[in-house]
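Novice: Before I ask anything, let me first share the structure, which is written out below as structure tokens.
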Amino acid sequence: MDFIDLVNKRYSVRAYKSDPVEKVKLLKVLEAARLAPTANNRQPFQIIVIHTKRKKAKLLSIFQREWFVQPPIVICVCGNKDIAWVRNDGRSYLEVDSAIVMDYITLAATDLGLGTCFIAAFDAVNARKVLSLPDEVEPILFTPLGYPDDLPGIKKRKMLKELVRYEHW
Ligand SMILES: Cc1cc2nc3c(=O)[nH]c(=O)nc-3n(C[C@H](O)[C@H](O)[C@H](O)COP(=O)(O)O)c2cc1C
């Protein structure tokens, strides 16, 4: 698929079928994540693949939306604070790296006909507990992964002129 078509096709899916996700598709999605760039190539991320079957109650303690547990898989992208690259003014790029990884996951999934939705508004305390994360590992983003059971809406975006400034020195 043409890259711009792919970017247009991705949307936040908030209704999923329970149909299984083929193993080969999951592996392609994870391979895309593996190839994501990270600051200083530190690769400070961990990807947790959760099969939703029999785990719905625990998952719902992390994010209370029925659609979160409709598909067969939920993915969590975590970042390890001890591994992330830190700029000399103290700014850690852990969240940037993790967001890029999730972006690769969502775009690869879209290319394979799968749906995803970035989720940041989860309960981090419960996520830590349910996933048994050590202190240095931060849960950054979740997404469901499965076949969409809804249709994309119209993309609401600002105009380029509101977002871009051309600097003329
Ligand atoms: C970093 C990030 C965090 C997000 N967190 C949530 C969330 O917690 N819950 C949710 O329903 N959508 C979440 N979204 C989805 C956005 O609301 C969505 O991407 C935006 O409205 C644009 O719509 P689209 O993804 O369909 O193009 C998040 C998106 C991003 C990029």
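Coordinate-derived values only; no laboratory data. The shown structure was predicted, so the numbers you read here are calculated from the model rather than taken from an experiment. Glycine also receives a Cβ, built like all others from the backbone with ideal geometry; neighbour counts cover every protein chain displayed.
Novice: Kindly check whether there is at least one residue in segment 41-56 that is among the polar types (S, T, N, Q) and under 13 Å from THR116 (Cα atoms). Explain how you work it out, then say what you get.
Specialist: Here is the first cut: in segment 41-56, the ones among the polar types (S, T, N, Q) are 41, 43, 46, 52.
Still in the list and also under 13 Å from THR116 (Cα atoms): none.
No.
Novice: Between residues in segment 5-25 that are within 12 Å of the ligand (Cβ to nearest atom) and residues that are assigned to a helix (DSSP H, G or I), which pairs lie under 7 Å by C-beta distance while being six or more apart or on different chains?
Specialist: Within 7 Å, the pairs are LYS9/THR110; ARG10/THR106; ARG10/LEU107; ARG10/THR110; ARG14/TRP67; ALA15/TRP67.
Novice: Within segment 116-158, track down each residue that is farther than 18 Å from TRP67 by Cβ, in contact (Cβ under 8 Å) with a residue 24 or more places away in the chain and either within 13 Å of the chain's Cα centre (by Cα) or near the ligand (Cβ under 8 Å from one of its atoms) (or both).
Specialist: Across segment 116-158, the qualifying residues are PRO139, ILE140, LYS155.
Novice: Is there a residue in segment 100-112 that is in a loop (DSSP other than H, G, I, E, B) and under 16 Å from the mean Cα position of the chain (by Cα)? Before you say what the answer is, go through the steps one by one.
Specialist: Step one: of segment 100-112, the residues in a loop (DSSP other than H, G, I, E, B) are 112.
If we keep only those that are under 16 Å from the mean Cα position of the chain (by Cα) as well, we get 112.
Scanning segment 100-112, I find at least one residue that is in a loop (DSSP other than H, G, I, E, B) and under 16 Å from the mean Cα position of the chain (by Cα), so the answer is yes.
Novice: Being away from the ligand (no atom under 16 Å from the Cβ), in contact with a helix residue (DSSP H, G or I) (Cβ under 7 Å, 6 or more places away or on another chain) and not hydroxyl-bearing (Ser, Thr, Tyr) narrows it down to one of ALA84, ALA108, so name that one. Even if it seems obvious, please write down each step before you answer.
Specialist: Values: ALA108 fails: away from the ligand (no atom under 16 Å from the Cβ).
Going through ALA84, ALA108 in turn, the sole match is ALA84.
Novice: For the subset of segment 7-41 comprising residues that are among the polar types (S, T, N, Q) and part of a helix (DSSP H, G or I), which member is surrounded by the fewest Cβ atoms within 10 Å (Cβ to Cβ)? Spell out how you get there, then give the answer.
Specialist: As a first pass, look at segment 7-41 and keep what is among the polar types (S, T, N, Q): 8, 12, 18, 38, 40-41.
Keeping just the survivors that are part of a helix (DSSP H, G or I) gives 8, 40-41.
Details: ASN8: 13, ASN40: 12, ASN41: 8.
This residue is ASN41.
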